[in-house]
Structure formats: C-alpha cells, structure tokens
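First comes the structure, then the notes that go with it.
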Amino acid sequence: MLPAVQLTALSDLFDTEYAETHGRWNPDRPYGYSPADVHATISSGATVIAHVGFQRRSIDVGGHDVMVAGTGGVLVHPEWRGFGLGRRVMALAQRAMRDDTAVDFGYLGCREAVVAFYETCGWRRIHARESHVSISVAAETMTSDGGPILVYAAGGSGWPSGEIDLRGTPW
C-alpha cells in the first residue's frame, strides 16, 4: 500500500487528466481497471509528473500459466510532455519487471495511436483473442481480438501462442 502522500500525488496526476470525463481516481479500482501493486513514478518536488503501474497476475495463454506484469496507468502530466519522461518512467517500470523473478512478461492493451511509443520502449505487439472480466459489470466476460496487445519479455522467453484469458479485469 502506498503512503497517503503518494496516493494524493497520484490522485492529483490522474485527476488532472481524467476527472472531467471519468470522475475522480480510485486506487482500488482505477476507472474500472485492475489496480497496480507496483508504481514507477517520476516526481518534481511533491508532484508526480509521470507514472506507470503494474499488477502481477497469472493469466492463461493457450492453456499455459504465464505470470505477467499487467501494465496500465501510463501517464505523463500534460505540462511535462515532450521531455522524454514517458520513456524514462517506462524504463523504471521495466527494470522493476525484470528484477521481479516471478514476472515472465509485461502485458498491456492500448489504443492504436500509442502502439509506436510502446514499441520504441521494447514492447512487442502480439495478435490473439483476449477474454477478460468487464470493467463495468463484474459478472460479464468480454472477448476481443481487435485491440492492440503488447508484451515485454521481462524474464520469459517466447510468448506462447493461443487465446488469452486475463483471469480478471484488464489493466
């Protein structure tokens, strides 16, 4: 659990970007997605200006258990964009993934518009059908095969082929 001062700083960062459209940030269920248990941040004084979070989880890929660092909450404060902070904070998160011997791969879903950013940071796009718990209705399972999915080899080698079950909500 993050100390209150860090939670407040993260809340300020996320609310700057999303409060008007998605409401206030909730660390236990950020905008309906899975919460992070590891946070990589860059700060300027007491202000968090860049963040990447991940949650460790075993997912099913083609019948194989794969331990991933489900990655989300990738955000740079609007006033600090264009200075390379996104790559720097991602490198911090990737180092934490590599240092965690339980993690085989980083895993994330994103918009098409940001795929190139992740690829320049060492993530590789894969194509697979993905199932996950709905972010709005926990009793529903959602399936998609069109959205970008990217993986980062943290400790594993050779992403397995097959359908993906996230065994929870996405990040």
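What follows draws every value from the coordinates through simple rules; no lab data is involved. All values derive from a computational prediction rather than experimental measurement. Cβ sites come from the backbone with ideal geometry, for glycine too, and all protein chains shown count toward neighbours.
Structure notes:
- Taking the helices alone, the chain has a mean residue ellipticity at 222 nm of -7500 deg cm²/dmol, built from -39,500 (n - 2.57) per DSSP H run of at least 4 residues and averaged over all its residues.
- Sequence ranges 141-153, 89-101, ranked by mean other-Cβ count within 10 angstrom, highest first: 89-101, 141-153
- Only the Cβ atoms of Lys and Arg (+1) and of Asp and Glu (-1) were treated as charged; on that basis the dipole of the chain about its Cα centre amounts to roughly 400 debye.
- Residue exposure sequence - Thr8, Thr21, Thr16 - by fewest surrounding Cβ within 10 Å: Thr21, Thr8, Thr16
- Inter-label distance, nm, simple model (7 Å from Cα along the C-beta direction), Thr8/Ser43: 1.1 nm
- Stretching the chain fully between Thr16 and Tyr31 yields a gain of 4.0 nm (0.36 nm per residue, less the alpha carbon separation).
- Percentage relative contact order, region 39-171, counting C-alpha pairs under 8 Å, at least six apart: 28 percent
- Pairs of Cα atoms farther than 16 Å apart, region 97-165, %: 54 percent
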